[in-house]
Amino acid sequence: GGAVPSLDNEARFIREFLSHPRTPRLDYFLMEAIDQPWKVEIEGWAGAYWGMFNADREPKFALEGLVQRDPHWSKKASNAGVLALLPMFLIAFFLTDWSIAGRFFLAAMIQACVSTLIVGLNVPVDYYLTQRDLIGLGMLILATGMTAAVLLSHGFEFGEILFKSKWKRRFMPLPPHAADEQPFVSIHLACHNEPPEMVIATIDSLAALNYANFEVLILDNNTKDEALWKPLEKRCAELGPRFRFFHLMNWPGFKAGALNYGLKVTDPRAEVVGVVDADYVVDPEWLSCLIPHFDKPDVAVVQAPQAHRDWETHPFRRMCNWEFEGFFRIGMHHRNERNALIQHGTMTLVRRLALDEVNGWSEWCICEDTELGLRLIEKGYDTRYVDHILGRGLTPSDFAAIKSQRFRWAF
């Protein structure tokens, strides 16, 4: 096969040539004695490295013995070990509720990330880089650092789920109150241009709740087509006074604006406000098993997971469901352990007094649910996540739908 330009082959050729019996009888010279970095611009990466010595006049290999492909490996390894030592020590010292395997897992991730960054930072030592190369390398190291940060944060979350032996804040569904002791709950369902049959399925699931003291407010937000909102008004009238329908035209504030209107017309008996999305079919026990958490006066939010239905036979929806499942089975537990959960705009229950104390939903923000949770945590309230599926919605139907969803969340 063709010759391979490598340090091993260069050393082999020169050693064999110099040790050959005929070599002393020849007049010869070696090209090159010294690396010539300027050739990078002309000949590319190979031509600059033919020397027996590097550009600093240091021998690249010995004329006998093993050839070290990376003469700087021991320095790189020691630097990586020293830099990773402190965080690995902190893991061993502070994560005492993790198993030994878990702490070793996270320490190995830290060592791998630090070693990768050390290799990147040493590229100018191993190669002759132009100014353009250095700029590109700097951008690559920055991207590597950000990737390592994401990898370690996710690794910490995964590790906590897999290796944590005891949880301080693991909340479960509670035994229900007796009917005469149930706090009054006002459930708010905001919708905009939604298929009426989908919203009616959600309304009917709320009508089947195994709970005595509640009302449901359907807040239709700026839907112009009567064919979309009239059937909802009709269904609420059929279900009786517990279900009230409001059609809001030219109403500001998007979903948050509709929810704030709902607070104005909420039954004054309401102690808890619940919010569900228009596509969620709710379990009959949603209120009965979560409302008892509000017996603790400092509890402001009780959040159930977002779960989904009708995804099993559709590949794209199946992937979307798995993504949500990963967050609610891993990330939410990690945050709940620190009373730092991300509140969501469906399957959530909020104490009415706490909601009034922070002046309701923020209409300046598209992610009004998460923003509300942050303000309540800042006020010192307790927020709880109960990982028990009590309602199922629909995943985005295709890539365009999920792209639109994530664009709204981000911007």
With a Förster radius of 51 Å, plug the Cβ-Cβ distance of residue 42 and residue 92 into 1/(1 + (r/R0)^6) and report the FRET value to the nearest 0.05.
0.45
In whole angstrom, note down how far apart the Cα centers of the stretch 15-43 and the stretch 309-334 are.
62
Could you rank the peptides 207-213, 30-36 by their average count of other C-beta atoms within 10 Å per residue, with the highest value first?
207-213, 30-36
Please give the residues of the stretch 141-163, grouped as numeric ranges, whose backbone N is less than 13 Å from a label point set 7 Å along the Cα-to-Cβ vector of residue 338.
153-158, 160
Burial ordering of 272, 125, 350, fewest other beta-carbon atoms within 10 Å first
125, 272, 350
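Do any GluC sites (Glu not before Pro) in the stretch 151-182 lie in a loop, going by DSSP, with at most 15 other beta-carbon atoms within 10 Å of their beta carbon, and if so which?
Qualifying residues, ordered by number: none.
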Using Cβ contacts closer than 10 Å as the measure, can you line up 187, 42 from fewest to most?
42, 187
Under the 7 Å Cα-to-Cβ spin-label approximation, residue 314 and residue 198 lie apart by a distance in nanometres of 0.9
Are there trypsin sites (Lys or Arg not before Pro) in the stretch 191-239 that DSSP puts in a loop and that have at most 11 other Cβ atoms within 10 Å, and which ones?
224
Name the chymotrypsin sites (Phe, Trp or Tyr not before Pro) in the stretch 1-74 that are in a loop by DSSP and that have at most 10 other C-beta atoms within 10 Å, would you?
28, 29
In order over the stretch 329-336: 3J(HN,Hα) from phi, Karplus 6.51/-1.76/1.60, θ = phi - 60°, whole Hz, x for each Gly or Pro, gives 8, 10, x, 5, 5, 4, 6, 4
Answer label, with volume of the Cα convex hull per residue in Å³ calculated from the coordinates and candidates (i) 224; (ii) 210; (iii) 200:
(i)
In nanometres, the difference between 0.36 nm per residue of separation and the alpha-carbon distance of residue 327 and residue 100 is 79.2 nm
Calculate for the chain the 222 nm mean residue ellipticity that helices alone would give, adding -39,500 (n - 2.57) per DSSP H run of length 4 or more and normalising by residue count, nearest 500 deg cm²/dmol.
-14500 deg cm²/dmol
With a Förster distance of 60 angstrom and the Cβ-Cβ distance between residue 3 and residue 225, calculated FRET efficiency to the nearest 0.05 equals 0.20
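Let me check against my output: what whole-number percent is the relative contact order of the chain, with C-alpha pairs under 8 Å and at least 6 apart?
Normalised by residue count, the contact order of the chain is 14 percent.
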Amide H contacts of residue 308 (H built 1.01 Å from N, under 5 Å, at least 5 apart or other chain):
393
Vicinal HN-Hα couplings computed from phi for the stretch 267-273 (Karplus, 6.51 cos²θ - 1.76 cosθ + 1.60; Hz; Gly/Pro x)
4, x, 6, 5, 9, 9, 10
Can you sort 324, 254 by how many other beta carbons sit within 10 Å, fewest first?
324, 254
Counting only residues 5 or more apart in sequence or on a different chain, those whose built amide H sits under 5 Å from that of residue 299 are 382
Under-5 Å amide H pairs with residue 277, H placed in peptide plane, nonlocal only
347
Report, for the chain, the % of DSSP beta bridges that are antiparallel, rounded to 5.
30
Apply the membrane-span-like helix rule to the chain: whole DSSP H runs, Cα extent along the own long axis of at least 27 Å, mean Kyte-Doolittle hydropathy at least 1.0. List the helices found.
73-94, 100-121, 131-163
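Quick one: compute the contact order of the stretch 73-163, relative version, from alpha carbon pairs under 8 angstrom and 6+ residues apart, as a percent.
For the stretch 73-163, the relative contact order is 40 percent.
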Take residue 161 and residue 382, extend 7 Å from each Cα along the Cα→Cβ direction, and tell me the distance between the two endpoints in nm.
2.5
A correct Karplus calculation of ³J(HN,Hα) over the stretch 355-366, with 6.51 cos²θ - 1.76 cosθ + 1.60, θ = phi - 60°, whole Hz and x for Gly and Pro, returns 5, 5, 4, 9, 6, x, 7, 7, 7, 7, 10, 5
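Here, each number is a calculation from the coordinates, and none is a lab measurement. Not measured: the values here are computed from a predicted model. Neighbour counts are summed over all protein chains in view; Cβ atoms, including those assigned to glycine, are modelled from backbone coordinates with ideal geometry.
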